[in-house]
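The values are calculated or read from the model by the stated rules, or taken from the named source; none is laboratory data. Computed from a prediction, not measured in an experiment: that's the story for all the values here. Ideal geometry is used to build each Cβ from the backbone, glycine not excepted, and the neighbour counts take in all protein chains shown. Note: areas computed on protein heavy atoms with side chains; ligands, DNA, RNA excluded. Shrake-Rupley method; radii C 1.70, N 1.55, O 1.52, S 1.80 Å.
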Amino acid sequence: MTGNPYIIVRTRYVNEIEENLKLGADEVIPEEFETSIEIFTRVLGKYLIPRHHVEDFTEEVRSHNYAMFRKVP
């Protein structure tokens, strides 16, 4: 067993990400945006957007911990 576990947390809402990170989570996966991303990828697929473009976008969103969705204008 390791002395430094890697903690992945699922939360319902994006606004709960920061608090979970402050509490020690290494990654926080919000349900509301995973659902939104899935719907978005399916819609783009119906519009015949190349799959690799959609995958690049979703990877970008996830790699920045959903920051683009958390910023208040």
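Listed values, structure above:
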quantity	calculated
Selection within the range 1-37 - open to solvent by less than 60 Å² (accessible area, probe 1.4 Å), hydroxyl-bearing (Ser, Thr, Tyr) and at pLDDT 85 or above	Thr11
Failed condition for Val43, given (1) within 15 Å of the chain's Cα centre (by Cα); (2) of a type in the set (Val, Ile, Thr); (3) at pLDDT 85 or above	(1)
Cβ-Cβ under 8 Å pairs, at least 6 apart or on other chains, the range 38-53 side among the small types (Gly, Ala, Ser), far side open to solvent by 70 Å² or more (accessible area, probe 1.4 Å)	Gly45/Arg51
Residue match in the range 51-59 (condition: open to solvent by 80 Å² or more (accessible area, probe 1.4 Å) and touching a Gly at 6+ places or on another chain (Cβ under 9 Å))	yes
First in the range 1-22 and more than 18 Å from Glu34 (Cβ to Cβ) and without any contact (Cβ under 8 Å) to a residue 12 or more places away in the chain, second anywhere and open to solvent by 90 Å² or more (accessible area, probe 1.4 Å) and outside any loop (DSSP other than H, G, I, E, B), Cβ under 6 Å, 6 or more apart	none
